[in-house]
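Novice: If you scroll down you'll find the structure; I have some questions about it.
The values are calculated or read from the model by the stated rules, or taken from the named source; none is laboratory data. Just so we're clear, the structure is a prediction, and the values are computed from it rather than from any experiment. Positions of Cβ are backbone-derived with ideal geometry, glycine not excepted, and every protein chain shown enters the neighbour counts.
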Amino acid sequence: MSIEPVYRRLLESGEAHQRIEQAYAHLQACDVCPLRCGVNRLAGERGMCKTGARAQVSSFGAHLGEEQPLRGWAGSGTIFFARCNLRCVFCQNFEISQVGNGREVEPEELAEIMLRLQAAGCHNINLVSPTHVVPQIIAAVLIAAQAGLRLPLVYNSGGYDSLDMLALLDGIVDIYMPDMKYGDSEIARRFSRVPRYVEVNRAAVREMQRQVGDLQMDEQGIARRGLLVRHLVLPNQLAGTEKVLRFLADEISKNVYLNLMDQYYPAYQAHNYPGLNRPITSQEYQEAVAIARQLGLNRLDQRQRRGLWE
């Protein structure tokens, strides 16, 4: 199955510049993410994400650690954006998301990075932590498309996304890969420091599924379009795994591609939070898998890693 990236059609329709203008207008009194800080990022003001008018890139390259349909044999072309609209106390990439290691780039340079990843043979362009820089991404993608970009675009987010921004990404993103971190918003407030996570997250995932549907792959098993959901199992059932999986089974699709992740360990500030200050056990992970199976979610990516407590 060969599927042309959706942004190629947007480019051909002549709507591209209008979409960029609409996206950048949201930076004037920023409501790019559900925190809706209201600062004028175009004038250099910075809200919770500490990002101004330009996106900050921490690193980029072919990543062989992603899910099999993304990494294939040549790697997923990941671009790690600095900063984040979540403030997870257990973040394993806190140097990027919280400390903000990275440098500012113009959309033209971001577009050039995408083209370099395509030239390196990567299967897709994987935008990691993109939520707070959607306008800059839209501008860069359309510049890159004019210069010949033809890879599927992966929107790899923490799942705390604005419906307004997702509407602007409709017809641009091929593959959505959100986290569904929690089944309880009070737990989310405590550990990720944002309000209404569950409400916002579920609305976003519904919209992502509406736009792209279940994950589709080509003849070689490489993802071309669709939804892929990640859920990190936390110790002591703090992630609300059963609630998350029941929502996916009942309201999204039993054919959803789900990565049940077992790699939690107490990073960043997690050692200060009772309940989060240990890895998960093998039993906790297997219980999560069993729940998914019972709910009919059989399209699981469940690569187990070393280090689980017995």
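Novice: Out of Gln22, Gln56, report the one residue that is surrounded by fewer than 18 Cβ atoms within 10 Å (Cβ to Cβ), among the polar types (S, T, N, Q) and not in a loop (DSSP other than H, G, I, E, B). Working first, answer last.
Specialist: Details: Gln56 fails: surrounded by fewer than 18 Cβ atoms within 10 Å (Cβ to Cβ).
Only one candidate qualifies: Gln22.
Novice: Looking at the stretch 201-213 only, could you name the residues that are in contact (Cβ under 8 Å) with a residue 24 or more places away in the chain, out of contact with any Lys or Arg (no Cβ under 8 Å at 6 or more places or on another chain) and of a type outside the set (Gly, Ala, Ser)?
Specialist: Correct list: Arg202, Val205, Arg206, Glu207, Met208, Gln209, Gln211.
Novice: Scanning the stretch 3-14 for residues that are touching a residue at least 40 places away in the same chain (Cβ under 8 Å) and not β-branched (Val, Ile, Thr), which turns out farthest from Met165 (Cα to Cα)?
Specialist: First, the residues of the stretch 3-14 that are touching a residue at least 40 places away in the same chain (Cβ under 8 Å): 3-11.
Retained after the next criterion (residues that are not β-branched (Val, Ile, Thr)): 4-5, 7-11.
Numbers: Glu4: 22, Pro5: 19, Tyr7: 15, Arg8: 19, Arg9: 19, Leu10: 16, Leu11: 18 Å.
Restricting to residues being touching a residue at least 40 places away in the same chain (Cβ under 8 Å) and not β-branched (Val, Ile, Thr), the top hit is Glu4.
Novice: Moving to a separate point now. From Ala140, Ala147, which residue is within 24 Å of Glu21 (Cβ to Cβ) and either in contact with a strand residue (DSSP E or B) (Cβ under 6 Å, 6 or more places away or on another chain) or surrounded by fewer than 22 Cβ atoms within 10 Å (Cβ to Cβ) (or both)? Before you say what the answer is, go through the steps one by one.
Specialist: Working: Ala140 fails: either in contact with a strand residue (DSSP E or B) (Cβ under 6 Å, 6 or more places away or on another chain) or surrounded by fewer than 22 Cβ atoms within 10 Å (Cβ to Cβ) (or both).
After applying the criteria, what remains is Ala147.
Novice: List every residue pair whose Cβ atoms lie under 7 Å apart, where the two residues are 6 or more positions apart in sequence or sit on different chains, the first residue falls within the stretch 23-45 and is more than 14 Å from Asn85 (Cα to Cα), and the second residue, located anywhere, is outside any loop (DSSP other than H, G, I, E, B) and among the hydrophobic types (A, V, I, L, M, F, W, C).
Specialist: That search, which allows pairs on different chains as well, returns Ala23/Val134; Ala23/Ile138; Ala23/Leu168; Leu27/Leu42; Gln28/Leu42.
Novice: Name, by its number, the condition in (1) closer than 25 Å to Arg230 by Cα; (2) free of Cβ contacts under 8 Å to residues at least 12 places away in the same chain; (3) of a type outside the set (Val, Ile, Thr) that does not hold for Ala119.
Specialist: For Ala119, the exception is condition (1).
Novice: Can I ask one more? Among the residues of the stretch 86-100, what is the count of those that are at pLDDT below 95, out of contact with any Phe, Trp or Tyr (no Cβ under 8 Å at 6 or more places or on another chain) and either assigned to a helix (DSSP H, G or I) or of a type in the set (D, E, K, R) (or both)?
Specialist: 2
Novice: Next up: Would you say Glu66 is assigned to a loop (DSSP other than H, G, I, E, B) and either touching a Leu at 6+ places or on another chain (Cβ under 8 Å) or crowded, with 21+ Cβ neighbours inside 10 Å (or both)? I'd like the intermediate steps shown before the answer.
Specialist: Values: assigned to a loop (DSSP other than H, G, I, E, B): yes; either touching a Leu at 6+ places or on another chain (Cβ under 8 Å) or crowded, with 21+ Cβ neighbours inside 10 Å (or both): yes.
So Glu66 passes the test.
Novice: Given the criteria more than 29 Å from His271 (Cβ to Cβ) and either among the aliphatic types (A, V, I, L, M) or at pLDDT below 95 (or both), does Val32 qualify? Before you say what the answer is, go through the steps one by one.
Specialist: On the way: more than 29 Å from His271 (Cβ to Cβ): yes; either among the aliphatic types (A, V, I, L, M) or at pLDDT below 95 (or both): yes.
Yes.
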